[in-house]
Amino acid sequence: MSTAHADITAVMQKYIDGAARGDASLIREAFHPTAYWHGVMHGTDYAMNFDDFIAYVDGQPCDDGSFVATIESITQDATTARVVVTETGDVNGMEFRDYFSLVNYAGTWKIVNKTFVLTN
């Protein structure tokens, strides 16, 4: 595994752990402050900026003991990456496929976009 691949995986793990625990501090570490989240759940459009997403996640763990998030793929170029993650066992019974875009800013990988689809 290359250093970049390991660094990208570490950033994604911060997102996964932050979402599982409802830990906004981990989410803040993983995302760039200008990041956006987009998707549709049950007919509702979600388009949230960084602050809105932090407020949405903070104190709202999605893991009740059965949550599993799996990094399905990482595609990386010099300073950009795309990561696909599947999430199952959400506390609300929802399952997702997430598409993340990352950028390497001065040697540090940050998530700049999350687009999701509800798969169940």
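Derivation of every value follows stated rules applied to the coordinates shown; laboratory data play no part. A quick note: this is a predicted structure, and the numbers were derived from the prediction, not measured.
Structure notes:
- Gain upon complete extension [residue 5, residue 119; 0.36 nm per residue less C-alpha separation]: 38.4 nm
- Annotation: amide H of residue 67 has no partner in the under-5 Å range at sequence separation 5 or more or interchain, hydrogens built in the peptide plane.
- Per-residue ellipticity at 222 nm, computed for the chain from helices alone with -39500 (n - 2.57) per DSSP H run of at least four residues, works out to -8500 deg cm²/dmol.
- Gaussian network model of the chain, springs between alpha carbon atoms under 10 Å - residue of 49, 104, 92 with greatest fluctuation: 92
- Shape metrics for the chain, restricted to C-alpha atoms - Rg then Dmax, Å: 13.5, 40
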